[in-house]
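Data block below; observations after.
The values are calculated or read from the model by the stated rules, or taken from the named source; none is laboratory data. Note that the coordinates shown come from a computational prediction; the quantities given were computed from them, not determined experimentally. In this analysis, Cβ positions are derived from the backbone assuming ideal geometry, glycine residues included, and neighbour counts consider all displayed protein chains.
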Amino acid sequence: MKKSLSLFVSILLVLVLALAGCSSKSSSTEEKSAGSKSSKSMLETVKERGTLKAGVNNSLPGFGYIDSDGKNSGFDVDIARAIAAGVLGDANAVEFRPLSATERFTAVQSKEVDVLVRNTTWTTNRDAEVGLSFAPVTFYDGQGIMVPKNSGIKTLKDLEGKTIGVETGTTTELNLADQMKAAGVNYTAQPYDNADAVIAAYESGSIDAWTTDKSGLVSRQSTLKDPEAHVILDATLSKEPLAPAVLDNDEKWKDAVSWIVYALIQAEEFGITSKNVDEFKTSDNPEIQRLLGVGDTNLGEQLGLPNDFAYQVIKQVGNYGEIYDRNLGPDTAFKLDRGQNALYKDGGLLYSIPFR
Amino acid sequence: MCFLAGLFFLRRGEEQLDKQTTSTPIWRNKKTVPIILQAAFVIVAGFALYFMITNMLYGLEQIGLTLGLDYLQLKASFPIAESLISYSPEDPYIRALLVGLLNTFKVSFFGIITASILGVIIGISRLSNNWLVNKLAVIYVEVFRNTPLLVQIFIWNFAVFLPMPKIQEALRIGPFYFSNRGTAIPWIQTHSNTGMWVIIIVVLAISAMVLYKLLMKKAIETGKSSYPFAASIASFIAGCVLLFIFTGSGPVHFTAPAVQNGTFVGGATLSIGFLSVLIALSIYTSTYIAEIVRGGIMGVPKGQTEAAKALGFKSSTSLRLIIFPQAVRIIIPPLTSQYLNLIKNSSLAMAVAYQDIVGVGNTVINQTGHTIETIFIMIAVYLFLSLATSLFMNLFNKKFQLVER
């Protein structure tokens, strides 16, 4: 008995020593990999893999949804395709991952997706604590509330005592609480795991109203059984700048994504579209030459992208205006006005940093 | 040559056997081998754990996240639809998680009670000689046991509760209201005298029990019954009536629900998420409990039934007094597993917008980015609820086992 005890103690000792040795060893490997982490950017990973993994919505018509051909389609999906065109030269080299509002950040943190283009609002907290980094805003939105037309609800005050559906894990959930408190309105918030569940509850009358970004309301209104029977209140509850997001601490990758978004905006400013981009290749304008990577300019190379990345983006996906019109513009069911999403020179907020 | 060498070794082996020495090699020693194997296992497991932890910490460091529980004190700022305690978006995350825990507890607690009642009834029905009752119980068990729980929850939510009338046109049956906002039932409401009532009721109950013991003792001594049970109950009721006359109010008020401006006022409102989960969980688990009860009853030797019959017991009385108490001993251990399953299955509540610990936890993760800490909190909650249930059931089990001589 005594013998086995001493044996056990000695084994324990060996174990402790082994663990201690292991810890000192692995801390040195940690340093090594910490040093190498800056050199291995997501940009390299994506190029080596040859495809881009993009986290998108699959249930928000106009932004991210599965169209009647079974393909991912929408404004956000086109932004993701533009990133693939810019980085890999092929707009179709995208692997789409449908994500719910609650899944999306974990998917970025765990590198399940390279970029998140899923009508995600840029906020301080997400930028800092959640570990994300945001590319330029692709869509300026604001939160609204949808109610049945015959409910007689016109303003926030009329929502006193009502039950309002929200999607969990969204900024709209938080804004609603803030705004209702400011307006002194008592209400019940009913959170749902996904937008489809909110709609199901709203259509059956289980909840009196529901809230999300106004573009989302317009988009989902078109899918209701009787779109005419519902109205979106005039009140705008918040600023919702929607932007593509990548993992924090990877400047190279963030720069690449950012400048692809800027290229979309800059192209519209110059009037370069997917149809006429080839004509612009011979342009004398040095600004256009720098954007398209012709002549002896190497802005693309500086970003770690192909020199003609902007050309590929515009040629394969189109400029910002084309993407907007294709998915949300006057020819679609949504007929969303450009509003804040017009170029700065047309009174909107879109402004590209100069390509120089 | 080889043969010779073999012979030589054989000889050596025999010599060693003869000597009965302790020189058995360490890898064949009966004492040391298990210890070495166990130590090896511990070392491998330790390394695996160590690797996983350092890997996690490294990954977190790479994306600039830090572990820590400080975030729990920050303002949650998201609303929760139903809560057992007062909660507003002004409260910290920790309170939001507590609300989630209590919601999980609420649905598990009532789920266990209804599942047990249903399970016992169905289990006994399966043994019934009545053909119809028997077959209905079989169909019930087979249908609900062999379909996924999540699907059942969805059916209750989307096919039963959502199509109910809107709250303005709520269906009224007696004091009950049914609508797709939820079901409202009459409920108790405490008032200023409730605390006093509770204390006095406890005192009355204890004195009634003492009276019962005294009278019973006297009855045994004298051989003449002085109706100990009736007397103690009567004394208890008399005390309550006196108290009612004295204070002019009962221990609690009952409030009936009503619909006002599109919301329920008074009574208690059960949300459709809660009802969907509660009913689905109860029915699903009751099928397993029914089979356990059936097995338990069939596990009691047939002689017991026959003996009871020979003594002239009605079949219901023999089931209640003879068969069931013995079956309980067989039933309790597997029953505990089913209770634990029910608690863990309640995490599916998220699918129908019932804000349990998983629902609230996911929102917290999404707002703060503290995935690992929050997941560990969820694990701790389920571990706590499960271990508490196990402990309680083990005590219960012990009590029943002791009755046996």
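Miscellaneous remarks
- Total residues in segment B:366-386, condition assigned to a helix (DSSP H, G or I) and either touching a strand residue (DSSP E or B) at 6+ places or on another chain (Cβ under 9 Å) or within 28 Å of B:ILE112 (Cα to Cα) (or both): 13
- Any hit, segment B:298-306, residues being within 30 Å of B:LYS344 (Cα to Cα), in contact with a helix residue (DSSP H, G or I) (Cβ under 7 Å, 6 or more places away or on another chain) and without any contact (Cβ under 8 Å) to a residue 40 or more places away in the chain: yes
- One residue from B:PHE158, B:PHE236 being assigned to a helix (DSSP H, G or I) and either within 14 Å of chain A (Cβ to nearest Cβ) or small (Gly, Ala, Ser) (or both): B:PHE158
- Exactly one residue among B:ILE201, B:ILE206, B:ILE139 is more than 14 Å from every other protein chain (Cβ to nearest Cβ), surrounded by 12 or more Cβ atoms within 10 Å (Cβ to Cβ) and either in contact with a Cys (Cβ under 8 Å, 6 or more places away or on another chain) or of a type outside the set (Gly, Ala, Ser) (or both), and that residue is B:ILE201.
- Residues in segment B:259-272 that are within 14 Å of chain A (Cβ to nearest Cβ) and not aromatic (Phe, Trp, Tyr): B:VAL259, B:GLN260, B:ASN261, B:GLY262, B:THR263, B:VAL265, B:THR269, B:LEU270, B:SER271, B:ILE272.
- Of the candidates B:THR363, B:THR389, the single residue that is part of a helix (DSSP H, G or I) and touching a strand residue (DSSP E or B) at 6+ places or on another chain (Cβ under 9 Å) is B:THR363.
- Considering the conditions (1) more than 7 Å from chain A (Cβ to nearest Cβ); (2) within 32 Å of the chain's Cα centre (by Cα); (3) in a loop (DSSP other than H, G, I, E, B), B:TYR71 is excluded by exactly one of them, (3).
- Elements of type helices (runs of 4 or more DSSP H) contained in segment B:263-333, each with 3 or more residues being within 21 Å of the chain's Cα centre (by Cα): B:272-298
- Any chance A:GLY321 is farther than 30 Å from A:VAL218 by Cα and surrounded by 15 or more Cβ atoms within 10 Å (Cβ to Cβ): no
- A single member of B:GLY111, B:GLY100 is surrounded by 17 or more Cβ atoms within 10 Å (Cβ to Cβ), closer than 23 Å to B:ALA351 by Cβ and either within 14 Å of chain A (Cβ to nearest Cβ) or free of Cβ contacts under 8 Å to residues at least 40 places away in the same chain (or both), and it is B:GLY100.
- Looking only at segment A:181-196, residues that are surrounded by fewer than 20 Cβ atoms within 10 Å (Cβ to Cβ) and more than 18 Å from A:SER151 (Cβ to Cβ) come to 5 in all.
- Which numbered condition B:LEU67 misses (of (1) surrounded by fewer than 17 Cβ atoms within 10 Å (Cβ to Cβ); (2) over 28 Å from A:ASN125 (Cβ atoms)): (2)
- Which numbered condition B:ILE343 misses (of (1) within 14 Å of chain A (Cβ to nearest Cβ); (2) modelled with pLDDT of 95 or more): (1)
- Test: residue in segment B:293-307 that is under 30 Å from B:ARG181 (Cα atoms), at pLDDT 90 or above and among the β-branched types (Val, Ile, Thr): no
- Among the residues of segment B:309-323, none qualifies, meaning not one is away from chain A (no Cβ under 14 Å), at pLDDT 90 or above and under 18 Å from B:SER282 (Cα atoms).
- Residue in segment B:351-362 that is surrounded by fewer than 19 Cβ atoms within 10 Å (Cβ to Cβ), modelled with pLDDT of 90 or more, of a type in the set (Asp, Glu) and farther than 18 Å from B:ALA115 by Cα present: no
- If you go through segment B:224-233 and keep only what is within 13 Å of B:SER207 (Cβ to Cβ) and either in a loop (DSSP other than H, G, I, E, B) or not aliphatic (A, V, I, L, M) (or both), you end up with just B:SER232.
- Summed over segment A:45-104, residues that are closer than 17 Å to A:ASN119 by Cβ, outside any loop (DSSP other than H, G, I, E, B) and small (Gly, Ala, Ser) total 7.
- Segment A:220-243 - residue that is within 17 Å of A:TYR192 (Cβ to Cβ) and in contact (Cβ under 8 Å) with a residue 60 or more places away in the chain and, of those, farthest from the chain's Cα centre (by Cα): A:THR223
- Of all residues in segment A:274-307, those being buried (at least 16 other Cβ atoms within 10 Å of the Cβ), without any contact (Cβ under 8 Å) to a residue 24 or more places away in the chain and in a loop (DSSP other than H, G, I, E, B) number 5.
Matching residues to (1) under 29 Å from the mean Cα position of the chain (by Cα); (2) within 30 Å of A:TYR65 (Cβ to Cβ); (3) more than 8 Å from chain B (Cβ to nearest Cβ); (4) among the aromatic types (Phe, Trp, Tyr):
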residue	(1), (2), (3), (4)
A:GLN143	yes, yes, yes, no
A:ASN150	no, yes, yes, no
A:LEU156	yes, yes, yes, no
A:GLY161	no, no, no, no
A:GLU167	yes, yes, yes, no
A:THR171	yes, yes, yes, no
A:LEU174	yes, yes, no, no
A:VAL185	no, no, yes, no
A:ALA189	yes, yes, no, no
